[in-house]
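*Asks:* Okay, handing you the structure first.
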Amino acid sequence: MQGTNVRSMLQYCSVCKDHFDMEVVQQGSNEKTIWLKCPGCQGFLPRSEEEDENAILQEVVQKQTGDILLEDLDIESAKEYSENDVYEIGDVIHHRSWNDFGKVIAKDHLPGNRKTIWARFLRQGKVQLLEGMK
Ligand SMILES: [Zn+2]
């Protein structure tokens, strides 16, 4: 085991317009503000410790209403994502490039009658992916 003490927090990014599990990149010993790094836009967001109580409550609500947790996913049955395949809502998929697991939450279309799925990934969050391109 490495002794690395990497903390992360669920935080909303107003640039990406989504929630991410963000790495805490800096925490001064006397500072009230901690900095989080957004994995979506690579930006840094300040977060005040004073907001923590509310933030934790929001985090709980968010987890109940949308976000998925690793234990929610049946990784054993995950399908390798390919834009050539077709998926059903509830399917667990693995995205090889991101090495991330997600669950299909909706089906959608793009202009040109291209079929897509919306999936919520553990790390990437909510993502729209092509399907049935074959
Ligand atoms: Zn962002």
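No lab work stands behind these numbers, since they all come straight from the coordinates. Just so you know, these numbers come straight off a predicted model, no measurement behind them. Note that each Cβ is placed from the backbone with ideal geometry, even for glycine, and that neighbours are counted across all protein chains shown.
*Asks:* Restricting the first residue to segment 8-22 and requiring it to be under 15 Å from PHE121 (Cβ atoms) and in contact (Cβ under 8 Å) with a residue 40 or more places away in the chain, which pairs with a second residue that is near the ligand (Cβ under 8 Å from one of its atoms) and in a strand (DSSP E or B) meet a Cβ separation below 9 Å and a spacing of at least six or different chains?
*Replies:* If the second residue must be near the ligand (Cβ under 8 Å from one of its atoms) and in a strand (DSSP E or B), the pairs left are LEU10/PHE20; HIS19/CYS13; PHE20/CYS13.
*Asks:* Would segment 80-101 turn up any residue that is farther than 15 Å from VAL127 by Cβ and touching a His at 6+ places or on another chain (Cβ under 7 Å)?
*Replies:* Yes, because at least one residue in segment 80-101 is farther than 15 Å from VAL127 by Cβ and touching a His at 6+ places or on another chain (Cβ under 7 Å).
*Asks:* Residues of segment 115-134 being over 15 Å from the mean Cα position of the chain (by Cα) and part of a loop (DSSP other than H, G, I, E, B), which ones?
*Replies:* Correct list: GLU131, GLY132, MET133, LYS134.
*Asks:* Which members of segment 120-134 meet the condition of being closer than 13 Å to SER82 by Cβ and touching a strand residue (DSSP E or B) at 6+ places or on another chain (Cβ under 8 Å)? Even if it seems obvious, please write down each step before you answer.
*Replies:* Kept after step one, since they are closer than 13 Å to SER82 by Cβ, are these residues of segment 120-134: 129-134.
Passing the criteria: LEU129, LEU130, GLU131, GLY132, MET133.
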